[in-house]
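This report concerns only the one structure given below.
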């Protein structure tokens, strides 16, 4: 039997990159997957791919920076599949650049998506995760928060991105201390440079330097991070991976 047979996983930011790769990886292990994002065409394509391979998937369009939509996405997942065992808070945006020239709406977008949306999803999912942790088939539930090396260090030109990822790390550790005895595990994954669409949203004049740096690093791929998430959520009940830092071999910061 597959490690996640009979379980349900909800993945935010599932329309591309790490989110889509994680959905495939968890479906491969037998989990039914709820795919949450705003791009409905991509969600339907991914859901069809997973279904064609024998899995179960639901495409749920939501802007999770809106708390009501975040709560509705969790409710629809449980309505569709009957339970929730795994939450992967993957959705995020990286709008780096010097503080002085930064449009303040970029800061708002990062705080809303990287931090507040993850908190809203976690709060909405928690009662269902606690119920699954007390029940078969695994008697354990998981939250995986996708952070970054930016959550372990501070760099110029990355102030608010650093803020959101440090904040996510602090929340994750406090959550772990509060809920580990009830078998809701918390894991923080901190990738270095990954070749995804994340850099596409950086404003002109900053994006080019970021992309040039990526070319020198032989960056990680989305599947590398998906494999890390798969590893975390398939550990036996007695074991928790609290934190996993993954860098490209050539990345020194």
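Applying the set (1) within 24 Å of residue 36 (Cα to Cα); (2) without any contact (Cβ under 8 Å) to a residue 60 or more places away in the chain; (3) touching a helix residue (DSSP H, G or I) at 6+ places or on another chain (Cβ under 6 Å) to residue 154 leaves exactly one unmet item: (1). The set of residues in the range 65-84 being more than 30 Å from residue 105 (Cα to Cα) and crowded, with 22+ Cβ neighbours inside 10 Å consists of 77, 84.
Does the range 46-64 contain at least one residue that is touching a residue at least 24 places away in the same chain (Cβ under 8 Å), farther than 19 Å from residue 229 by Cα, crowded, with 18+ Cβ neighbours inside 10 Å and under 14 Å from the mean Cα position of the chain (by Cα)? Yes, because at least one residue in the range 46-64 is touching a residue at least 24 places away in the same chain (Cβ under 8 Å), farther than 19 Å from residue 229 by Cα, crowded, with 18+ Cβ neighbours inside 10 Å and under 14 Å from the mean Cα position of the chain (by Cα).
Filter the range 18-52 down to residues that are in contact with a strand residue (DSSP E or B) (Cβ under 6 Å, 6 or more places away or on another chain), closer than 17 Å to residue 91 by Cβ and assigned to a strand (DSSP E or B), then give me how many there are. The total comes to 4. Among the residues of the range 212-237, which ones are modelled with pLDDT under 90 and either under 13 Å from the mean Cα position of the chain (by Cα) or assigned to a helix (DSSP H, G or I) (or both)? Across the range 212-237, the qualifying residues are 212, 213, 214, 215.
From the list 122, 77, 116, the lone residue that is within 27 Å of residue 5 (Cα to Cα), in a helix (DSSP H, G or I) and within 14 Å of the chain's Cα centre (by Cα) is 122.
Total residues in the range 94-117 satisfying the condition of being touching a residue at least 60 places away in the same chain (Cβ under 8 Å) and surrounded by 17 or more Cβ atoms within 10 Å (Cβ to Cβ): the figure is 6.
Being more than 15 Å from residue 90 (Cβ to Cβ), within 19 Å of the chain's Cα centre (by Cα) and either without any contact (Cβ under 8 Å) to a residue 60 or more places away in the chain or part of a strand (DSSP E or B) (or both) is a description that does not apply to residue 131. Got a sec? Which of 102, 91, 68 is closer than 25 Å to residue 165 by Cα, in a loop (DSSP other than H, G, I, E, B) and over 18 Å from the mean Cα position of the chain (by Cα)? So the residue among 102, 91, 68 that is closer than 25 Å to residue 165 by Cα, in a loop (DSSP other than H, G, I, E, B) and over 18 Å from the mean Cα position of the chain (by Cα) is 102.
The values are calculated or read from the model by the stated rules, or taken from the named source; none is laboratory data. What you see is a predicted model; the values in this text were computed from it and never measured. Positions of Cβ are generated from backbone atoms using ideal geometry, with glycine treated the same way; all protein chains shown enter the neighbour counts.
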